[in-house]
Amino acid sequence: MSSSCDPKNAPAGDVGAALMVIDSQLRGIHDGKTESDPQQRQLTHQFTASLGPKGVDDLLDGTCTLIFMFMKWLREAHEAQGKDVIEYVVPSVVATMRMMPRSIRPEAIPTMAGLLVAAGTGLSPRLWRQQYGYWTAEEMTPLEATALLLAEHINRVTDDRDFATRLIAEALSHATDD
């Protein structure tokens with residue numbers, strides 16, 4: 001039975017730009033920059049502002065596509081070990097978000113958990129969220145953090161700090177080959 005949240009009905013968005021933002025954040029963390037860098041935030045805001053409304057929507061869709069792809073990879077990895085991705089990944093990501101109260105307001109966490117569950121069950125996070133209206137400004141940082149935490153989770157599971165970025169970059173290069 002087809003769902004209105006089937007990923008084939010969702011736009012992929014600008015996955016490359018979303019990956020660039022997440023990879024930049026990951027590199028900063030690995031370089032020991034755990035505090036928000038005002039200069040980096042300003043560059044990110046300038047970049048986002050330069051996109052215009054359509055570009056911002058594409059970036060949001062791209063971030064949701066990253067979340068979907070990361071959760072798909074994690075689901076397959078967990079299923080290969082007889083485990084449930086929802087049981088093992090979602091609580092870990094949610095617990096980490098709860099430890100980030102300056103960046104992620106508590107009321108945003110259920111939405112991000114819903115995105116993870118949607119993606120973990122094979123649904124489009126973008127279409128799942130769309131059921132509840134347009135994105136709010138308060139959801140932007142938690143959305144970015146969700147993708148970042150998933151990427152870092154994958155990197156820890158694989159013991160390779162660039163694995164998640166390579167995973168998406170390789171998928172993008174294969175998509176353009178077709």
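The values are calculated or read from the model by the stated rules, or taken from the named source; none is laboratory data. Computed from a predicted model, the values in this text were never measured in an experiment. Here the Cβ positions follow ideal geometry from the backbone for every residue, glycine too, while neighbour counts run over all protein chains shown. When the accessible area is computed, the model is the full protein with side chains, heavy atoms only, and any ligands, DNA or RNA have been set aside. Shrake-Rupley method; radii C 1.70, N 1.55, O 1.52, S 1.80 Å.
Which ones in the stretch 124-178 are among the charged types (D, E, K, R) and within 12 Å of THR111 (Cα to Cα)? I'd like the intermediate steps shown before the answer.
Looking only at the stretch 124-178, we keep the residues that are among the charged types (D, E, K, R), and these are 126, 129, 138-139, 144, 152, 156, 159-162, 166, 170, 177-178.
Those that are among the charged types (D, E, K, R) and within 12 Å of THR111 (Cα to Cα): ARG126, ARG129, GLU138, GLU139.
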In the stretch 73-123, residue surrounded by the most Cβ atoms within 10 Å (Cβ to Cβ) [restricted to those that are farther than 18 Å from THR136 by Cβ and in contact (Cβ under 8 Å) with a residue 60 or more places away in the chain]: VAL89
Selection within the stretch 150-175 - over 16 Å from MET20 (Cβ atoms), open to solvent by 80 Å² or more (accessible area, probe 1.4 Å) and part of a helix (DSSP H, G or I): ARG156, VAL157, HIS174
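Report whether or not ALA147 is of a type in the set (A, V, I, L, M, F, W, C), touching a residue at least 40 places away in the same chain (Cβ under 8 Å) and open to solvent by less than 30 Å² (accessible area, probe 1.4 Å).
Numbers: of a type in the set (A, V, I, L, M, F, W, C): yes; touching a residue at least 40 places away in the same chain (Cβ under 8 Å): yes; open to solvent by less than 30 Å² (accessible area, probe 1.4 Å): yes.
Judged against the criteria, ALA147 is a match.
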Any hit, the stretch 91-105, residues being hydrophobic (A, V, I, L, M, F, W, C), at pLDDT 95 or above, part of a loop (DSSP other than H, G, I, E, B) and in contact with a helix residue (DSSP H, G or I) (Cβ under 9 Å, 6 or more places away or on another chain): no
Meets criteria (out of contact with any strand residue (DSSP E or B) (no Cβ under 8 Å at 6 or more places or on another chain), open to solvent by 20 Å² or more (accessible area, probe 1.4 Å) and farther than 26 Å from ARG27 by Cβ) for TRP128: yes
From GLY62, GLY28, residue being touching a residue at least 12 places away in the same chain (Cβ under 8 Å), of a type in the set (Gly, Ala, Ser) and farther than 25 Å from THR136 by Cα: GLY28
